1. Taking every Cα atom in region 1-129, find the radius of gyration and the maximum pairwise distance Dmax, and write them in Å.
2. Please list 3J(HN,Hα) in residue order for region 30-35, calculated via the Karplus relation 6.51 cos²θ - 1.76 cosθ + 1.60 where θ = phi - 60°; whole Hz, with x for glycine and proline.
3. Sequence-distant or interchain residues sharing an amide H contact under 5 Å with residue 173, placed H: which?
4. What is the ratio of the Cα radius of gyration of region 87-128 to 2.2 N^0.38 Å, where N is its residue count, to two decimals?
5. Could you work out, for region 147-219, what percent of all Cα-Cα pairs fall into each 5 Å distance bin, beginning at 0 Å and stopping at the bin that holds the largest distance?
6. Ignoring everything except DSSP H segments at least 4 long, calculate the 222 nm mean residue ellipticity for the chain; use -39,500 (n - 2.57) per segment, divide by total residues, nearest 500.
7. Would you mind telling me which residue in 100, 179, 167 has the biggest mean-square fluctuation in a Gaussian network model of the chain, where springs connect alpha carbons within a distance under 10 angstrom?
8. Choose one of 235, 251, 170: the residue whose Cα lies farthest towards the positive end of the charge dipole of the chain (beta-carbon charges +1 Lys, Arg; -1 Asp, Glu; about the Cα centre).
Amino acid sequence: MLTKRIIPCLDIRDRKVTKGVRFKNNIVLGDPVEMAARYYHEGCDELVFYDITASAEKRGIDIGMVREVAAAVHIPFAVGGGLSSLDDMSCVLMAGAEKVSLNSLAVENPGIIRDGARAFGCQCIVLGIDPVRTNDTLRYPSGYEITIRGFRKRTGMDALEWVKRAVDLGIGEIVVNSVDADGTRAGFDLCLTRLIATSVPVPVVASGGAGNAQHLVTVFREAHADAAIVAGILHAGEVTIAGIKDRLAAAGIPVRRVW
């Protein structure tokens, strides 16, 4: 049986890890390389880094930071934000990342998914989606509309239609980050995560809303996620990687143990 993955997320702004609610009221938490190394030694399965303002500010990713992270950890990590071309994706992967995460770019240029999958392999191409709940189910049958640019822009695209199209283009994994749950610590959006996880043949990562270890048990058991992202509660020291995995193991959910 495949183990469930625990993935700390580090939102980056100005070379610092930051955290807010729905990307607002962010506070600085620390150095990304130091935090990545700590979570790696504590036993996380993967890491993900998002430059949360790069796309909006139309600038590239800090490749130097990517290289430093690659030297400090020996687990897979993904990088997103500020990618605008195949060359950008190649630079990130050559700097040591195992995956690139596409969000706004993929919506605005879906062909980049196909081109990236052909150039680097589907397993390297992650689709990040930021859906917001909507009552307009005639226009959005799934009940969710895709947003981009850090939740700043609505797209008019139905979430389920978009992920199915992205899979056809070559996406190898999908991170489902609920706009409504992001940073709230009230739990993952189970309806949204389950909808995506049961509709596509690629791994689905739940993101947005983790408030305690039980929320991860629930999203794995009830929403069929393959992995879950944690951020605020981990950064604040309210939980540890070991504590989360102990709780998951006690609930009968398979996890990778390194201690």
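1. Rg, Dmax (Cα atoms, Å): 14.1, 43.
2. After applying 6.51 cos²θ - 1.76 cosθ + 1.60, I find x, 7, x, 5, 5, 5 Hz.
3. Those lying under 5 Å, H to H, from residue 173 are 127.
4. Values: Rg = 9.3 Å, N = 42, 2.2 N^0.38 = 9.1 Å.
Against the empirical 2.2 N^0.38 Å value, I get 1.03 for region 87-128.
5. Pair shares across the bins are 3, 16, 25, 24, 19, 10, 3, 0.
6. Mean residue ellipticity at 222 nm (helix-derived): -10000 deg cm²/dmol.
7. The residue with the greatest mean-square fluctuation here is 167.
8. 251
Read-outs: derived from the displayed coordinates by stated rules, not from any lab. Owing to the predicted nature of the structure, the values given are computational and were not obtained by experimental measurement. Cβ sites come from the backbone with ideal geometry, for glycine too, and all protein chains shown count toward neighbours.
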